[in-house]
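Single-structure report; data block below.
Laboratory data are not the source of any read-out in this text; all were calculated from the coordinates shown. Quick caveat, the model's predicted, so the values are computed rather than measured. When we count neighbours, we look across all protein chains shown, and the Cβ atoms used for this are built from the backbone with ideal geometry, even at glycine.
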Amino acid sequence: MFGKTRIPPYVPSADKLVRRQYVEENGHLVWFWYTRTGVIVKWSLFLGITLLLGLYLVLGRMHAKKRVNKGLKPMAYHSWLLSRQEKAGVDPRYAWPQASYTNYQPGPGYGPNAYGMHAMPPPVYDPNNRPPMYEGAPPPMGGSKVDPMQAGFAPAQQQPAGDYAPPPGPPPSAQR
């Protein structure tokens, strides 16, 4: 593309890579990070990064508080350093919602007499061991909890009619 000159790829030998990591000290090969200079570099990097992070937190909070005291919204990069209460003074999105009390009147279809329901459910416990009874009108026919079938008539009197009658004779699996 740019001529016929090709630069061969640089592939250093493993020996050169390993030698780069070690330093000769008192006649011995020592890994660089364990020498006096290496330890100083490691701690300098650690303390430098920690100091920068600390300065960002302290100065960022001071800057954000200064903006809020002037009545300005905090910037996005340091608004997380302020509490919700501090941000609420300048930004209405962070203000706690005001309690509002209204006289709510339920519309039709809501309330105790909606959908033809009874006014109040029966009591959960009756010390006289009576079955639960609704106040007002009696329950619909067969709707009492005294009868577990709640069909309004005995199962022996139940006769299937017309198309729902069982076929005559035993089931086919019983004839094998």
- Give a residue-ordered list of calculated ³J(HN,Hα) values for the range 31-45 (Karplus: 6.51 cos²θ - 1.76 cosθ + 1.60, θ = phi - 60°; whole Hz; x for Gly, Pro). 4, 4, 5, 9, 7, 4, 5, x, 5, 4, 5, 4, 5, 5, 4
- Item | Projected label distance in nm at Trp96 and Tyr164, using a 7 Å step from Cα toward the beta-carbon | 6.1
- Item | Phi to ³J(HN,Hα) by Karplus 6.51 cos²θ - 1.76 cosθ + 1.60 over the range 60-69, Hz, x for Gly, Pro | x, 5, 4, 5, 5, 5, 5, 5, 5, 5
- In nm, what is the difference between 0.36 nm times the number of residues separating Trp33 and His63 and their Cα-Cα distance? 6.9 nm
- Task: Enumerate the amide H contacts of Glu25 below 5 Å, restricted to partners 5 or more residues apart or on another chain; note that Pro and chain-start residues carry no placed amide H.
- Result: Val30
- Tabulate in residue order the Karplus-calculated ³J(HN,Hα) for the range 83-91, using 6.51 cos²θ - 1.76 cosθ + 1.60 with θ = phi - 60°, rounded to whole Hz; enter x for Gly and Pro. 7, 4, 5, 5, 6, 5, x, 10, 10
- Query: So between Asn26 and Arg84, what do we pick up on full extension, going 0.36 nm a residue minus the alpha carbon distance?
  - Reply: 14.8 nm
- Within the range 59-99: Cβ-based charge dipole about Cα centre, in debye rounded to nearest 20 (Lys, Arg +1; Asp, Glu -1): 140
